[in-house]
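What follows is a single structure, written as structure tokens, with notes after it.
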Amino acid sequence: MDNLKTNDQESPPAKMDAECVNFFYGKKQALKDVNLSVRPNQVTALIGPSGCGKSTFLRLLNRMNDLLPESRMEGTIHLDGQDIYAPGYDVYELRRQVGMVFQKPNPFPKSIFDNVAYGLRINQLKTGRELNETVEASLIQAGLWDEVKDDLKKSALTLSGGQQQRLCIARALAIKPTVILMDEPTSALDPMATDVIEKLITELKKDYTVIIVTHNMQQARRVSDETAFFYLGELIEMNNTKALFEQPREEKTHSYLNGHFG
Ligand SMILES: Nc1ncnc2c1ncn2[C@@H]1O[C@H](COP(=O)(O)OP(=O)(O)OP(=O)(O)O)[C@@H](O)[C@H]1O
């Protein structure tokens, strides 16, 4: 399955890569022999019909499936060349480096400021002026600062859905990750809020590596540099987004993109 990797000799080393990954929920196999490389400072989209394993794969990238009872993973996943499932690998440091934004905005019932400061405080990374500066910088980077700068003490729950999602992105950015995982980050948002987040994703890749699960093929086309198409737990094809959409190599990809199933 090496041919599914998109890393050639001229590319920078992969930011993350998966080799021969299988994943089981009890007896059910959700991922089958997945080989996939993610390039740094790019947006990689994971697409495919419901239940094909996109979210399962995404969650393996920061070991979010570790606590699921009776689940089992085989294969290896590297971050900057290090095996993140190796015994002794620091899972807390992994989750600091590989942040996650979920489908539904999930701010804590706390102030806007405290939401962004949360990870910095529990990890004792910053206090005082440094804390304030990092909160401000994260809100600026998430494109929310101008809308909230006079209301930092207000509850995060008073924000609109789109603002809440940008707040969750600011919260993820505050602890200085290098990779951001996004699991259908706009599926609960209206078209205008979606547009704002999509533009933000494009901005973020200057500083971060972004991996996004999306049901929306047009969104994958708009925001991503590379797209991986999953079907029934297998990675069928991965390529740069334009090529995958315009000249899919595999018949299954072609059928899916043309709406024959999904
Ligand atoms: N916690 C779980 N326990 C058991 N089976 C699960 C669990 N989570 C997912 N699955 C199964 O694993 C398979 C892959 O699910 P996954 O959520 O990764 O797919 P997906 O492509 O992200 O789907 P969707 O687009 O609907 O979110 C599905 O058959 C699903 O039913």
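What follows is calculated from the coordinates using simple rules that are stated; it is not laboratory data. On a predicted model such as this, the values are computed, not experimentally measured, just so you know. Glycine gets a Cβ as well: all are built from the backbone with ideal geometry, and neighbour counts include every protein chain shown.
Worth a mention:
- The range 236-261-the range 134-210 distance, computed between alpha-carbon centres (Å): 30 Å
- In loop segments of the range 176-229 as defined by DSSP, the trypsin sites (Lys or Arg not before Pro) with at most 12 further C-beta atoms inside 10 Å of their C-beta are Lys206.
- Compared with the dominant Cα axis of the chain, that is its longest principal axis, helix 112-122 is turned about 70°.
- DSSP bridge analysis restricted to the chain gives an antiparallel fraction near 60%, rounded to the nearest 5.
- Rel. contact order, % - alpha carbon contacts under 8 angstrom, at least six apart, the chain: 27 percent
- Whether the range 112-182 is rounded, prolate or oblate, judged on the alpha carbon gyration tensor where a/c under 1.5 counts as rounded: oblate
- Sorting the segments 85-94, 130-139 by their residues' average number of neighbouring beta-carbon atoms within 10 angstrom, most packed first, yields 130-139, 85-94.
- All Cα-Cα separations within the chain were binned at 5 Å from zero, giving a P(r) of 1, 6, 13, 17, 18, 16, 13, 9, 5, 2, 0, 0, each value a whole percent of the pairs.
- Cα-based helix-to-principal-axis angle, 161-174 vs the chain, degrees rounded to 10: 90 degrees
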